[in-house]
Amino acid sequence: MRIIPTRIHGILDYLVGIILIASPWVFDFDNGGAETWVPVIVGIMVLMQTIITDFEVGIIRKLPMVSHLRMDLFIGLFLAASPWIFNFDEVVWEPHVIFGIFSILASLMTRTTPATVTNPDRNAIINDLNNNRR
C-alpha cells in the first residue's frame, strides 16, 4: 500500500540524511569506529540520492523514483544489519535499526510516480489550445 507522496518522501529524506550524519554526536556514540561512520556515510548517500532523484524536491533529477526507492530498501536493510555486520552491537544498535526500519518502510510505502510527472499528450493538447486562442 503506497500511501506516502513522493514530495513528502523527499522532504523526509533530507531530514533523515541530516539526522543520520549528526546522530553519532546527538546520541553520543561518536567513538570513531564503524558505529560512528556507518550512519554518517549512509546519511551522505541519502542526501546525494535525494538530490539526483527525479521528483519534486530533487535538484539534478536524473535518478528514477523506482530506483531511488529500491536503493532506500537496500540502504535500510544494510543500516539495520550494520551493528551485527561490523560487530558493534555491544556498543550501540538502536539508532541504526530504527533508521533502517524507517527506510525500509518508507521505500515500501512511497508512491512510485512523482506528482510532477506530466502526460506529454495532455501538454500537447494544452499547447494546441493556447496556440488556437491567438
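No value in this document is a laboratory result; all are computed from the given coordinates. What you see is a predicted model; the values in this text were computed from it and never measured. Neighbour counts run over all protein chains shown; Cβ positions are idealised from the backbone, glycine included.
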Task: Electrostatic dipole magnitude of the chain [Cβ: Lys, Arg +1; Asp, Glu -1; Cα centre; debye, to 20] - done: 1000
- [ ] Towards the positive end of the charge dipole of the chain, with charges on Cβ (+1 Lys, Arg; -1 Asp, Glu), say which of Gln49, Val66, Val97 has the farthest Cα.
- [x] Val66
Open item on the list: Helix 34-52 against the longest principal axis of the chain: what's the angle in degrees, Cα atoms only, rounded to the nearest 10?
Closed with: 0
TODO: Quick one: angle between helix 120-133 and the longest Cα principal axis of the chain, in degrees between 0 and 90, rounded to 10, please.
DONE: 40
Open item on the list: Report the Rg/Rh value for the chain, based on alpha-carbon coordinates and the Kirkwood definition of Rh.
Closed with: 1.16
Open item on the list: If each residue of separation counts as 0.36 nm, what is the full-extension length gain between Ile101 and Thr116 once their alpha-carbon separation is subtracted?
Closed with: 2.6 nm
Task: Extension gain from Ile8 to Val91, taking 0.36 nm per residue of separation minus the Cα-Cα distance - done: 26.6 nm
Task: Residue among Phe29, Val16, Met1 farthest towards the positive dipole end of the chain, charges placed on Cβ - done: Met1
TODO: Give a residue-ordered list of calculated ³J(HN,Hα) values for the stretch 18-25 (Karplus: 6.51 cos²θ - 1.76 cosθ + 1.60, θ = phi - 60°; whole Hz; x for Gly, Pro).
DONE: 5, 5, 4, 4, 7, 4, x, 8
Task: Segment Ala81-Asn31, extension gain: residue separation times 0.36 nm, minus the distance between their alpha carbons - done: 16.1 nm
